[in-house]
Amino acid sequence: QDTTYSPAQVAEMFNVSKSTLYRWEREGKLPRPARDLRGRQYGREELRVIAQLAEIEPLKRRIHQVYELDDPAATEALEDLAEKLSLDKFVMLHDLTGLYELAERPKLKSETIRRLLQEALQYEPTDEVFKEIIRIIHSKSNSSSSTDALN
């Protein structure tokens, strides 16, 4: 049987609060863990997701703080990082909010569009995720970076 961990153990392991774990569950970022008489018990799959979230979420907060700076080079670097984080959230965590975040960006880098095209191949053309990926790529096709990716 796989080892499981309580919310307190997981919180200590990843240096996050229990309330953060519960928030991630409410937001759908983290699958709801199994429960037993002791309460929530996180297994291997939940730990994998928590490890990724514990890495991504503080970076997102820092990006939002740094956006206050008036430095174009820093802003561009942070925009690139934000795009990568959204892409990683979608690709690695299978979190559709990452895909929706990419849809909100004014343009996408050609590497991001290439990766989205690769991801689209994982779905059937009738799948809603496939359609959303194609819609996003199409909506970005007017920018020069996305045109380069498609050539």
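A few points about this structure:
- Long pairs among Lys29/Lys84; Lys18/Lys109; Lys89/Lys140; Lys29/Lys131, criterion Cα-Cα beyond 28 Å: Lys18/Lys109
- Compared with the dominant Cα axis of the chain, that is its longest principal axis, helix 72-93 is turned about 60°.
- Accessible area in square angstrom per residue, segment 33-108, 1.4 angstrom probe: 60 Å²
- Among 39-50, 117-128, the order from most to least packed when residues are scored by Cβ within 10 Å on average: 39-50, 117-128
- Rounded tilt (10° steps) of 44-66 against the dominant C-alpha axis of the chain: 50 degrees
- Segment 1-62: translational diffusion in µm²/s, Stokes-Einstein, Kirkwood Rh over Cα pairs, 20 °C, 1.002 mPa s: 182 µm²/s
- For the chain, averaging the sequence separation of C-alpha pairs within contact (under 8 Å, six or more residues apart) and dividing by the residue count gives a relative contact order of 15 percent.
- For q = 0.10, 0.11, 0.12 Å⁻¹, Debye-computed log10 I/I(0) when each Cα of the chain counts as one equal scatterer: -0.45, -0.53, -0.62
- Accessible carbon and sulfur surface of the chain relative to its total accessible area, %, 1.4 Å: 51 percent
- Taking the longest Cα principal axis of the chain as reference, the axis of helix 128-139 is set at about 40 degrees.
- Inter-probe distance in nm under a simple model that places probes 7 Å from Cα toward Cβ, at Thr3 and Glu55: 2.0 nm
The values are calculated or read from the model by the stated rules, or taken from the named source; none is laboratory data. These numbers were taken from a predicted model, which means no experiment stands behind them. For neighbour counting, all protein chains shown are included, and Cβ atoms are generated from backbone atoms with ideal geometry for every residue, glycine included. We work out accessible area using only protein heavy atoms, side chains counted, and drop any ligands, DNA or RNA first. Shrake-Rupley method; radii C 1.70, N 1.55, O 1.52, S 1.80 Å.
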